[in-house]
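**Q** Sharing a structure, written as structure tokens. Questions coming.
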Amino acid sequence: MGFWDGLWPQREAQFESGSAATNSIVLTRRHATVSLTKQGALTGNLRVNLSWQMRTSDIMGRSRQSGRLLRPLKLFQPEPVQAHTQGMVNVDLDLGCMYELKDGTRGVVQPLGNLLGDLNAPPYIRLSGDDRFGAPSGETVYVNLDQRDQIKRLLFFVYIYDQTPAFDRTHAKVTLYPGNGPRIEIELDEHAPEARSCAVFTVDNSKDELTVRREVKFVYGFQSELDRLYGFGMQWGRGYKSRT
């Protein structure tokens, strides 16, 4: 990196994927797809993680501004805090996955209804657990790519369970960890304060290629609306979580 590049870091912004420094690929509107096949990431488990955080300014306003007068640039950089910090808006983000297998079977893996899936039998997708507090570990779904020939397509989505819509304040991010190659990051950074659900990305298995495509489409309803948008054709009813 040259001297002027150090003074003007925005000149590097065009390189949004394949960063050696971060070992990650960031999917954006301009660069929305990545091939797992071309990366040689077709075996083992694909780990998909949802994490989120909120900022102190969302609940505390600018009460700490006086302490930042000596550092005026910090006025525009509110401190990140975990979503379970005392006093936070009560937001419970859930990660789910709609699937269609090659034999036509369609279904969903999600916390609602305790539909946790199975990693070694159809649908070859498994939800590890339900994080209700925005812990650093977040929520994780595993996909058994050793059984990729059985999978036709996947839709990963995030929804707010039974709480105030606040996607614009959660700073949520979904990260994919393939068995080989860099991780893949997708930030839910669109401005949709009243949305209840978001289609985050799809995985398409066609023409001997497994492709991840960023979607980041917010809707004001829940899973049934995402289903209509992507044509899975399932029947939906009111679901609840267990208390444990």
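The values are calculated or read from the model by the stated rules, or taken from the named source; none is laboratory data. Computed from a prediction, not measured in an experiment: that's the story for all the values here. Here the Cβ positions follow ideal geometry from the backbone for every residue, glycine too, while neighbour counts run over all protein chains shown. The area values use the complete protein model at the heavy-atom level, side chains included, leaving out ligands, DNA and RNA. Shrake-Rupley method; radii C 1.70, N 1.55, O 1.52, S 1.80 Å.
**Q** Of all residues in region 192-221, how many are surrounded by fewer than 16 Cβ atoms within 10 Å (Cβ to Cβ) and not in a strand (DSSP E or B)?
**A** 6
**Q** Here's another thing I want to ask about it. What are the residues in region 102-122 that are assigned to a strand (DSSP E or B) and either more than 12 Å from Val143 (Cβ to Cβ) or touching a residue at least 60 places away in the same chain (Cβ under 8 Å) (or both), if any?
**A** Arg106, Gly107, Val108, Gln110, Leu115
**Q** While we're on this one: What do you reckon, is Glu194 at pLDDT 85 or above and not polar (S, T, N, Q)?
**A** When the stated conditions are applied, Glu194 does not pass them.
**Q** Next up: Give me the residue from region 161-191 that is over 13 Å from Ser51 (Cα atoms) and at pLDDT 85 or above and, out of that set, least open to solvent (accessible area, probe 1.4 Å).
**A** Among them, the one singled out is Ile184.
**Q** Residues Ser242, Ser224: which one is closer than 20 Å to Pro111 by Cα, modelled with pLDDT of 80 or more and either small (Gly, Ala, Ser) or open to solvent by 60 Å² or more (accessible area, probe 1.4 Å) (or both)?
**A** Going through Ser242, Ser224 in turn, the sole match is Ser224.
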